[in-house]
Amino acid sequence: MLHKMLLQHKYKKVGTWITPSGFVIWIITQSGFIDYLLPHGRSWQRTAILAISFFSFLIGLYLLVFSKERNEDEYINNLRLKSFQTAAFGQLVFFIVAFTYMAISGDEPANDGQLELFLTLSILMYWVWYITHFNLTMHRMKNKMHEE
């Protein structure tokens, strides 16, 4: 991966806070818990909270994925590539299983909103798999180095 494309390491810390907070606020708002705090008939405020929280989640994911590590070297670049490949393979397997299940059971998204949600979550799942694979492998590598 080109080093010009990567952000500074400090943005990874920002992404670590923004990603889960945006996701939790988005889930709470989607569940309807925040409706009790808003005045009645103010749906634009709920929509604004949903948009801000979802886009903060996306920006946090971007910061987590495209931020440099403290010591960026060839091994970490190779690990990034393997993590992208693993996430792509995982997403491919998920789509094959999901569409096979839909074809066999006849249970598929009922309307455009459910299909859009299914596809959006499957795209986000790719990045979550990438982040999980990359960080778990980095953690294992650091543990091996401390044991030696």
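The values are calculated or read from the model by the stated rules, or taken from the named source; none is laboratory data. Just so we're clear, the structure is a prediction, and the values are computed from it rather than from any experiment. When we count neighbours, we look across all protein chains shown, and the Cβ atoms used for this are built from the backbone with ideal geometry, even at glycine.
Please specify each residue of the stretch 63-115 satisfying the condition of being within 14 Å of residue 129 (Cα to Cα), of a type in the set (Val, Ile, Thr) and in the same structural domain as residue 139 (by TED's automatic domain parsing).
Across the stretch 63-115, the qualifying residues are 86, 93.
Does residue 137 satisfy being exposed (fewer than 11 other Cβ atoms within 10 Å of the Cβ) and farther than 25 Å from residue 55 by Cα?
No.
Of all the residues that make up the stretch 30-62, how many are of a type in the set (Val, Ile, Thr), touching a helix residue (DSSP H, G or I) at 6+ places or on another chain (Cβ under 8 Å) and farther than 26 Å from residue 130 by Cβ?
2
Say whether the condition of being more than 24 Å from residue 23 (Cα to Cα) and not hydrophobic (A, V, I, L, M, F, W, C) is met by at least one residue in the stretch 54-71.
Yes, some residue in the stretch 54-71 is more than 24 Å from residue 23 (Cα to Cα) and not hydrophobic (A, V, I, L, M, F, W, C).
When you scan the stretch 84-102, do you find a residue that is touching an Asp or Glu at 6+ places or on another chain (Cβ under 7 Å) and surrounded by fewer than 16 Cβ atoms within 10 Å (Cβ to Cβ), even just one?
Within the stretch 84-102, one or more residues are touching an Asp or Glu at 6+ places or on another chain (Cβ under 7 Å) and surrounded by fewer than 16 Cβ atoms within 10 Å (Cβ to Cβ).
Restricting the search to the stretch 37-74, which residues are loosely packed, with under 11 Cβ neighbours inside 10 Å and in contact (Cβ under 8 Å) with a residue 60 or more places away in the chain?
Once the filter is applied, which keeps residues that are loosely packed, with under 11 Cβ neighbours inside 10 Å and in contact (Cβ under 8 Å) with a residue 60 or more places away in the chain, the stretch 37-74 yields only 70.
Taking interchain pairs and intrachain pairs at least six residues apart, which have beta carbon atoms under 7 angstrom, with the first residue in the stretch 136-148 and assigned by TED's automatic domain parsing to the domain that holds residue 86 and the second surrounded by 10 or more Cβ atoms within 10 Å (Cβ to Cβ) and not in a helix (DSSP H, G or I)?
Going by the 7 Å Cβ cut-off, there are no qualifying pairs.
Would a scan of the stretch 71-91 turn up a residue that is within 24 Å of residue 117 (Cβ to Cβ) and β-branched (Val, Ile, Thr)? Don't jump to the end; show me each part of the working.
So in the stretch 71-91, the residues within 24 Å of residue 117 (Cβ to Cβ) come out as 87-91.
After this cut, where a residue has to be β-branched (Val, Ile, Thr) as well, the list is none.
For the stretch 71-91, residues within 24 Å of residue 117 (Cβ to Cβ) and β-branched (Val, Ile, Thr): absent.
Please pick out the residue among 52, 34, 59, 28 that is assigned to a helix (DSSP H, G or I), modelled with pLDDT under 90, of a type in the set (Val, Ile, Thr) and closer than 22 Å to residue 14 by Cα.
Exactly one of 52, 34, 59, 28 is assigned to a helix (DSSP H, G or I), modelled with pLDDT under 90, of a type in the set (Val, Ile, Thr) and closer than 22 Å to residue 14 by Cα, namely 28.
Output the residues belonging to the stretch 103-117 that are out of contact with any helix residue (DSSP H, G or I) (no Cβ under 8 Å at 6 or more places or on another chain) and surrounded by 11 or more Cβ atoms within 10 Å (Cβ to Cβ).
Hits for the stretch 103-117 are 114, 115, 116, 117.
Taking the stretch 77-102, which residues are under 15 Å from residue 137 (Cα atoms) and either small (Gly, Ala, Ser) or touching a helix residue (DSSP H, G or I) at 6+ places or on another chain (Cβ under 8 Å) (or both)? Even if it seems obvious, please write down each step before you answer.
Going residue by residue through the stretch 77-102, those that are under 15 Å from residue 137 (Cα atoms) are 77-87.
Passing the criteria: 79, 80, 82, 83, 84, 86, 87.
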